[in-house]
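Worksheet: one structure, shown below.
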Amino acid sequence: MTTDLQPPTTDTAPAAQETVRRPPKVIPLAIAPPEPFLYRVKNRLLGPPLATAQLPHERLGKPTALAVFASDNLSSSAYATEEILRVLVPAVGVAAFSMVVPITIALLVVLAFLILSYLQTIKAYPTAGGAYIVTRDNFGLLPAQVAGVALLTDYILTVAVSVAAGTAALGSAFSALAPYSLEISIVFVVLIAYGNLRGVRESGRIFAVPTYFFILNMIVLLGIGLGKMIFAHLSVGTSHHAGLIHAGSPGSGIFLGATLYIVLKAFASGGAAVTGVEAISNGVPAFREPAWKNARITLVIMGSTLGVMFLGLSILASKVHALPYASGTPTVISQVGRFVYGGGASGDVLFYALQAGTMLILVLAANTSFADFPRLASFHAEDSFMPRQLTKRGHRLVFSNGIIFLAATSILVLLVTDAKVDRLIPLYAIGVFTSFTLSQAGMAKHHLTHREPNWRHGLVINGVGAVLSLVVDIIIAITKFTHGAWVIIVIVPLLVLALVRLNRQYEAEAEELKEDAPRAAQAPILRRHVVLLLIDQLDAAAARAIQYARTLMPDELRAVHFDLDPIKTEDLSRAWRKLGLTRLPLDIVECPDRRIPKAAAELVAGALADGETEVSVLIPRRQYTHIWHRLLHDRTADAISQVLSVLPHSNVTIVPYHLGTHPKPGGHSERASTARRHAHGNGSRAKAAEVTHAPLAVDRMPIVDVQYRQRARVAGRVHTMRVHPHGGVGSLECTLTDETGGLLVVFLGRNEIAGVTIGARMLVEGTVGEEHGRLAMLNPLYELLSD
């Protein structure tokens, strides 16, 4: 067993040897050392850290949540119509304008069923109802990995597609920037990741304005365009401009000369319009209470808004005959804007506002992925299918590791595809429709299993949604297979296999760690305890370890030096004789082959030979500030630890000494005074690292003013709690702190009290006594305070 300890720096005798009784004191406030440079930089960039108790206040209202979770979905309306026309025009020419609206309506039918289906999902899973959770609960962990991995890969592609499309729009407006599309795309990813690292609420505020700016521009465009179409004349484009895609010739029949395959391919290309529907169901915990209700309302608003914009743009495109260009610019939506707004100053203002809004929404569509990917990855990690680091909330209460991982993988995809939208689009949408299918099928099974009120109604909705999603998924897989969809079809199973392998490793570790753990913890201790302190030379690092070793009071304590150099050994022996230590002898051990780990193992094995001895080995280790410093020194302490820690009843404790901090081995008072100087002399730094709490507005006295054997009324936060084993004395001990100090509060005969948890605010009143040498209140009157 190996542990890293920072030893105390006091050199005082044990408390049992004291002859003068000291009066009990208030628990002093902890004085933290100065924060590292990188942490101060993080504070400056992201803002001060948020306390865990502030998590409910980081939740989003409906307007902000719509901007955060709907940007991907709403941005689809900017290019979905164009993607349909890119397939139809080469096949049937201008007849494509007669087919684009019916295909749009067919996609809106799919959208409607998906919205209704996810309304059912949010109702059944009000805490988090994404595809992963629904599939896991109804089909098991393995199918859930398929749903989750398909959605995670789609989120990565969403980021890449969105920033690439936004950069293309920027390049079409400013041609000088076009050669730098890759670099600009990477900068966009970094900026969006940075905004999300600042916290959910703050990123919502940042990204809300562009989202609503785009919606406003679409309302103006559709309002003026449809008004002109009904009450006035709407200009119509020609098909003779240079750079337009090749137009085919219209034919006869129900599809006007197009084959069924072409129609299905156009339908699949426009399917990108309904991606992003699942984002709200994945992000229900981010909504303000009642979260499920607010999420359902936002989902309906999002679906309705997308439906109106998508259908309206398709109608206008069919009327003005906006044809796609081979280069991608000008886009269909920009052509519609020019035909609707016309020339003149007002027309130009409205046109460029539309272009700016389109560019912003395309870029910020990536924000939906940054909102959902980290949360979905945390679900996988909680089930031990992804690295556990993805479950940790970071500096600003977001899943920082997930955000950074998404940014890194998205940048990698951009580098591989050179930020070309036409290379990314074929990879897009197949993953999300796979997750749609599994999620809706899971909900259908949920209705059949639980048979809740109106379950038949829900079964029809989710069943039809599952079938439609499966049909669209198959169409996309077939029509885009040779264009790059095969990459996703291959990579998803491979990733699932990798996650399953990772899960087996985690499960094996957990099984090994928990096997007979209670029995081992309660096993009788061995009769003797021997502490061996390994010494190379008598320096500050060794002195710190000696100081710590003297506090342990084992049955036997001795220092050990392995003889590799007779001259060095003689110098150490001479210095050791000058020490005034009577109970710490130095053993010189022969090491003829210079294999220190082997010699240490033989030494410890000899001490363990009687079967009644527990051995603790203390190893001083120097800690270096810079990486290049570490390259100048070996890692002998780690090698010794690795060998000794596998021996039964052998324990290794690393005693670190941090070089570069220049502490004096004189003790605690000097280090504490140094910390105080840092805290007071560098006040701005100290405050930057604090997680502050609101003061308590109650009638009370500061804890620092309480007196021994006097009655007091104090309030504060529960900073620490002590948990006693079942066989121990029944009592609840907690430390109550305010801005002046801490007080021990003890409730005898009670192992737990409802509401008394870490971070809870309490008002206590009673007579101040003593416990463990500190001022304490025993069984006080108490009142829990709300935030």
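Being touching a His at 6+ places or on another chain (Cβ under 9 Å), hydrophobic (A, V, I, L, M, F, W, C) and modelled with pLDDT under 90: is that true of LEU459 here? Against the criterion (touching a His at 6+ places or on another chain (Cβ under 9 Å), hydrophobic (A, V, I, L, M, F, W, C) and modelled with pLDDT under 90), LEU459 does not qualify. Being among the β-branched types (Val, Ile, Thr), open to solvent by less than 50 Å² (accessible area, probe 1.4 Å), over 16 Å from SER162 (Cβ atoms) and in contact (Cβ under 8 Å) with a residue 24 or more places away in the chain: is that true of THR449 here? Considered against the rule, which asks whether it is among the β-branched types (Val, Ile, Thr), open to solvent by less than 50 Å² (accessible area, probe 1.4 Å), over 16 Å from SER162 (Cβ atoms) and in contact (Cβ under 8 Å) with a residue 24 or more places away in the chain, THR449 comes out as no. Tell me, yes or no, whether the range 51-64 has at least one residue that is within 28 Å of LEU354 (Cα to Cα), among the acidic types (Asp, Glu) and open to solvent by less than 50 Å² (accessible area, probe 1.4 Å). Taking every residue of the range 51-64 in turn, none turns out to be within 28 Å of LEU354 (Cα to Cα), among the acidic types (Asp, Glu) and open to solvent by less than 50 Å² (accessible area, probe 1.4 Å).
Scanning the range 534-552 for residues that are among the acidic types (Asp, Glu), farther than 26 Å from GLU612 by Cβ, in contact (Cβ under 8 Å) with a residue 24 or more places away in the chain and not in a loop (DSSP other than H, G, I, E, B) turns up nothing. I'd like to check something: does the range 419-434 contain any residue that is over 17 Å from LEU151 (Cα atoms), in contact with a Leu (Cβ under 7 Å, 6 or more places away or on another chain) and modelled with pLDDT of 90 or more? No, the conditions are met nowhere in the range 419-434.
Residue under question is LEU572, and the condition is that it be outside any helix (DSSP H, G or I) and of a type in the set (A, V, I, L, M, F, W, C); does it hold? For LEU572, the condition - outside any helix (DSSP H, G or I) and of a type in the set (A, V, I, L, M, F, W, C) - is not met.
Within the range 47-61, residues that are under 18 Å from LEU785 (Cα atoms) and in contact (Cβ under 8 Å) with a residue 24 or more places away in the chain sit with their Cβ atoms under 9 Å from residues that are surrounded by fewer than 16 Cβ atoms within 10 Å (Cβ to Cβ) and among the small types (Gly, Ala, Ser), at 6+ positions apart or across chains, in these pairs: ALA51/GLY759; THR52/GLY759; ALA53/GLY759.
Checking each residue in the range 258-279 for being assigned to a loop (DSSP other than H, G, I, E, B) and over 30 Å from the mean Cα position of the chain (by Cα) picks out ALA258, THR259. Of the residues screened, GLU770 is one that is surrounded by 15 or more Cβ atoms within 10 Å (Cβ to Cβ) and charged (D, E, K, R).
Scanning the range 125-148 for residues that are touching a residue at least 60 places away in the same chain (Cβ under 8 Å), surrounded by fewer than 24 Cβ atoms within 10 Å (Cβ to Cβ) and more than 18 Å from ALA286 (Cβ to Cβ) gives ARG136, ASP137, ASN138, PHE139, LEU141, LEU142, PRO143, VAL146.
Would you check if there is a residue in the range 213-230 being in contact (Cβ under 8 Å) with a residue 24 or more places away in the chain, open to solvent by 50 Å² or more (accessible area, probe 1.4 Å) and touching a Pro at 6+ places or on another chain (Cβ under 9 Å)? Among the residues of the range 213-230, not one is in contact (Cβ under 8 Å) with a residue 24 or more places away in the chain, open to solvent by 50 Å² or more (accessible area, probe 1.4 Å) and touching a Pro at 6+ places or on another chain (Cβ under 9 Å), which makes the answer no. When the range 399-438 is filtered for residues that are touching a residue at least 40 places away in the same chain (Cβ under 8 Å) and in contact with a Ser or Thr (Cβ under 6 Å, 6 or more places away or on another chain), the ones remaining, listed by number, are LEU414, ALA419, ARG423, LEU424, ALA429, GLY431, VAL432, PHE433, PHE436, LEU438. Of the residues that make up the range 154-166, is at least one more than 25 Å from the chain's Cα centre (by Cα) and open to solvent by less than 30 Å² (accessible area, probe 1.4 Å)? Scanning the range 154-166, I find at least one residue that is more than 25 Å from the chain's Cα centre (by Cα) and open to solvent by less than 30 Å² (accessible area, probe 1.4 Å), so the answer is yes. Within the range 149-161, is even one residue out of contact with any Lys or Arg (no Cβ under 9 Å at 6 or more places or on another chain), among the aromatic types (Phe, Trp, Tyr) and in contact (Cβ under 8 Å) with a residue 12 or more places away in the chain? Among the residues of the range 149-161, at least one is out of contact with any Lys or Arg (no Cβ under 9 Å at 6 or more places or on another chain), among the aromatic types (Phe, Trp, Tyr) and in contact (Cβ under 8 Å) with a residue 12 or more places away in the chain, which makes the answer yes.
Being among the β-branched types (Val, Ile, Thr) and part of a helix (DSSP H, G or I) is the filter; apply it to the range 494-531 and report the residue that is surrounded by the most Cβ atoms within 10 Å (Cβ to Cβ). Among residues in the range 494-531 that are among the β-branched types (Val, Ile, Thr) and part of a helix (DSSP H, G or I), the one surrounded by the most Cβ atoms within 10 Å (Cβ to Cβ) is VAL496. Entry remark, the range 735-766: residues being open to solvent by 80 Å² or more (accessible area, probe 1.4 Å) and more than 40 Å from the chain's Cα centre (by Cα) number 1 in total. Take PHE373 and decide whether it is open to solvent by 10 Å² or more (accessible area, probe 1.4 Å), closer than 19 Å to VAL492 by Cβ and within 14 Å of the chain's Cα centre (by Cα). No, not satisfied.
I'm trying to understand the selection: among the residues of the range 196-212, which are under 13 Å from ALA371 (Cβ atoms), in a helix (DSSP H, G or I) and in contact (Cβ under 8 Å) with a residue 60 or more places away in the chain? Of everything in the range 196-212, those that are under 13 Å from ALA371 (Cβ atoms), in a helix (DSSP H, G or I) and in contact (Cβ under 8 Å) with a residue 60 or more places away in the chain turn out to be ASN196, LEU197, VAL200, ARG201, GLU202, SER203, GLY204, PHE207, ALA208, THR211. Out of everything in the range 280-323 that is under 27 Å from the mean Cα position of the chain (by Cα) and assigned to a loop (DSSP other than H, G, I, E, B), what residue ends up being modelled with the lowest pLDDT? Here the answer is GLY283.
Looking across the range 319-359, the residues that are among the polar types (S, T, N, Q) and either open to solvent by 40 Å² or more (accessible area, probe 1.4 Å) or over 14 Å from ASN217 (Cα atoms) (or both) come down to SER327, THR329, THR331, GLN335, SER346, GLN355.
Those strands (runs of 3 or more DSSP E) of the range 726-787 in which 3 or more residues are more than 14 Å from TYR708 (Cα to Cα) occupy 731-737, 742-748, 761-771, 781-785.
The number of residues in the range 232-256 that are surrounded by 10 or more Cβ atoms within 10 Å (Cβ to Cβ), of a type outside the set (A, V, I, L, M, F, W, C) and either over 12 Å from ALA91 (Cβ atoms) or in contact with a Cys (Cβ under 8 Å, 6 or more places away or on another chain) (or both) comes to 5. Whether a residue is in contact with a Gly (Cβ under 6 Å, 6 or more places away or on another chain) and within 11 Å of GLY716 (Cα to Cα) was assessed, and THR735 passes this test. The condition of being at pLDDT 85 or above, touching a strand residue (DSSP E or B) at 6+ places or on another chain (Cβ under 9 Å), at negative phi and surrounded by fewer than 20 Cβ atoms within 10 Å (Cβ to Cβ) does not hold for ASP565. When the range 462-492 is filtered for residues that are open to solvent by 40 Å² or more (accessible area, probe 1.4 Å), closer than 25 Å to MET443 by Cα and without any contact (Cβ under 8 Å) to a residue 24 or more places away in the chain, the ones remaining, listed by number, are VAL467, VAL471, ILE474. Within the range 306-350, being of a type outside the set (Val, Ile, Thr) and within 17 Å of HIS246 (Cβ to Cβ) holds for HIS321, ALA322, LEU323, PRO324, TYR325, ALA326, SER327, GLY328. Would you check which residues across the range 362-394 are on the phi < 0 side of the Ramachandran plot and not in a helix (DSSP H, G or I) and list them? ALA365, ASP383, PHE385, MET386, PRO387, LYS392, ARG393, GLY394 - these are the residues of the range 362-394 that are on the phi < 0 side of the Ramachandran plot and not in a helix (DSSP H, G or I).
The values are calculated or read from the model by the stated rules, or taken from the named source; none is laboratory data. In this text, all values refer to a predicted model and were calculated from it rather than measured experimentally. Positions of Cβ are generated from backbone atoms using ideal geometry, with glycine treated the same way; all protein chains shown enter the neighbour counts. Please note that ligands, DNA and RNA were not included when accessible areas were found on the heavy atoms of the full protein model with its side chains. Shrake-Rupley method; radii C 1.70, N 1.55, O 1.52, S 1.80 Å.
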